[in-house]
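A short write-up of the structure that comes next.
The values are calculated or read from the model by the stated rules, or taken from the named source; none is laboratory data. Note that this is a predicted model, so its numbers are computed, not measured. Cβ atoms come from the backbone with ideal geometry, glycine included; neighbour counts cover every protein chain shown.
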Amino acid sequence: MFVSGFTIARNVVKADYPLREAVFSVLDLCDEFVIAVGNSDDGTLDFVKSFNHPKIKIIETVWDDTLRTGGRVLAQETDKAKAAVDPKADWLFYIQADECVHENDLPKIREAMENYLNNPSVDGLLFDYLHFYGSYDYVGDSRRWYRHEIRVIRNRPDIFSYRDAQGFRKLPNDKLTVARCGANMYHYGWVKHPEAQQQKQLQFHRMWHNDEYMEKHVAAADTFDYSSIDSLQKFNGTHPAVMQERIARMNWQFDYDISRNNMGLKSRLLHGIEKLTGWRPGEYKNYLLQ
């Protein structure tokens with residue numbers, strides 16, 4: 001079984017993405033890892049070159065900044081990275097620059113890839129998500145956070161990155177049939193110093209909206225305001241080993257009263273149903289679960 005990893009990167013230094021941690025969290029599972037580095041103005045290419053690992057292959061790309069509607073440029077760049085993997089790969093492990101896998105979950109991911117290797121009805125593997133917010137001590141638990149997403153896919157040309165690269169589909173535009181691998185994906189996109197988080201928000205919105213929208217709707221602030229969140233829970237587990245050094249460097253303060261809830265009445269009702277039953281009414285699922 002041959003496994004290729006892949007991801008994309010652009011201006012990750014300025015917005016303090018944990019890209020190195022993301023890549024190295026899954027590198028033991030991969031026989032190679034492709035990083036598509038887009039044209040950046042913050043030394044991202046040199047940063048990625050500093051990873052200096054024989055499994056890592058770097059390709060340089062130029063982002064089409066006219067593809068801003070819906071974040072389409074992210075999917076286009078993800079497809080470029082996917083196209084650069086070794087043709088003999090059986091599985092492809094896609095990870096975003098702000099995600100990590102816990103080392104304790106690596107064996108179960110490998111086991112799932114081996115178990116489904118010769119089952120062509122399974123197009124990919126589904127991960128459960130932990131979305132950290134504000135600090136490494138809190139996770140989002142409201143409906144605003146997606147609970148599952150595809151991160152391992154078969155190496156097939158008909159599978160493509162969908163919409164803003166959150167997930168995948170297959171031609172012509174069908175959902176993938178997936179199996180759950182039982183592993184968590186640790187999403188750290190909302191855990192940064194408030195200044196870096198603001199830079200990340202600016203980058204993100206520029207990939208979705210035109211300049212007129214940016215001027216009207218995106219706050220011209222130096223720091224991000226973490227206080228406008230609806231609901232969080234305390235995280236009592238352990239973080240991936242690759243994240244420990246970054247966690248130790250945390251140099252800002254964020255505290256949250258988990259008894260506080262800023263949801264509207266309808267959201268409170270739906271949230272309560274989910275807590276009691278595990279069912280999320282109206283949940284969007286970009287996959288078919290086997």
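Worth pointing out:
- Among residues of segment 126-173 being among the aliphatic types (A, V, I, L, M) and touching a strand residue (DSSP E or B) at 6+ places or on another chain (Cβ under 6 Å), the one that is farthest from residue 7 (Cα to Cα) is 139.
- Of all residues in segment 137-157, those that are part of a strand (DSSP E or B), within 13 Å of residue 167 (Cα to Cα) and of a type outside the set (D, E, K, R) total 4.
- Residue-level check: of (1) assigned to a loop (DSSP other than H, G, I, E, B); (2) of a type outside the set (Val, Ile, Thr); (3) within 12 Å of the chain's Cα centre (by Cα), residue 132 misses just (1).
- Positions within segment 25-37 being touching a Phe, Trp or Tyr at 6+ places or on another chain (Cβ under 8 Å) and surrounded by fewer than 23 Cβ atoms within 10 Å (Cβ to Cβ), in sequence order: 27, 29, 30, 31
- Members of segment 87-105 found to be out of contact with any Asp or Glu (no Cβ under 6 Å at 6 or more places or on another chain) and either surrounded by fewer than 19 Cβ atoms within 10 Å (Cβ to Cβ) or not in a loop (DSSP other than H, G, I, E, B) (or both), listed by number: 87, 88, 90, 91, 92, 93, 94, 99, 103, 104, 105
- Set 135, 121: member being surrounded by fewer than 20 Cβ atoms within 10 Å (Cβ to Cβ), within 23 Å of residue 188 (Cβ to Cβ), small (Gly, Ala, Ser) and out of contact with any helix residue (DSSP H, G or I) (no Cβ under 6 Å at 6 or more places or on another chain): 135
- Any hit, segment 209-222, residues being closer than 20 Å to residue 65 by Cα, surrounded by 14 or more Cβ atoms within 10 Å (Cβ to Cβ) and touching a residue at least 40 places away in the same chain (Cβ under 8 Å): yes
- So residue 162, is it within 18 Å of residue 22 (Cα to Cα) and either touching a residue at least 24 places away in the same chain (Cβ under 8 Å) or under 15 Å from the mean Cα position of the chain (by Cα) (or both): no
- Filter pass, residue 192 being part of a loop (DSSP other than H, G, I, E, B), touching an Asp or Glu at 6+ places or on another chain (Cβ under 7 Å) and at pLDDT 90 or above: yes
- Inside segment 43-72, residues that are assigned to a helix (DSSP H, G or I) and surrounded by fewer than 17 Cβ atoms within 10 Å (Cβ to Cβ) make up a count of 4.
- Selection within segment 185-206 - surrounded by fewer than 20 Cβ atoms within 10 Å (Cβ to Cβ) and in contact with a Gly (Cβ under 9 Å, 6 or more places away or on another chain): 204
- Residue among 233, 197 that alone is modelled with pLDDT of 85 or more, within 23 Å of residue 69 (Cα to Cα) and not in a loop (DSSP other than H, G, I, E, B): 197
- Flag if residue 277 is free of Cβ contacts under 8 Å to residues at least 40 places away in the same chain and β-branched (Val, Ile, Thr): yes
- Residues that are under 19 Å from residue 84 (Cα atoms) and out of contact with any Asp or Glu (no Cβ under 8 Å at 6 or more places or on another chain) within segment 45-55 comprise 48, 49, 51, 52, 53, 54, listed in sequence order.
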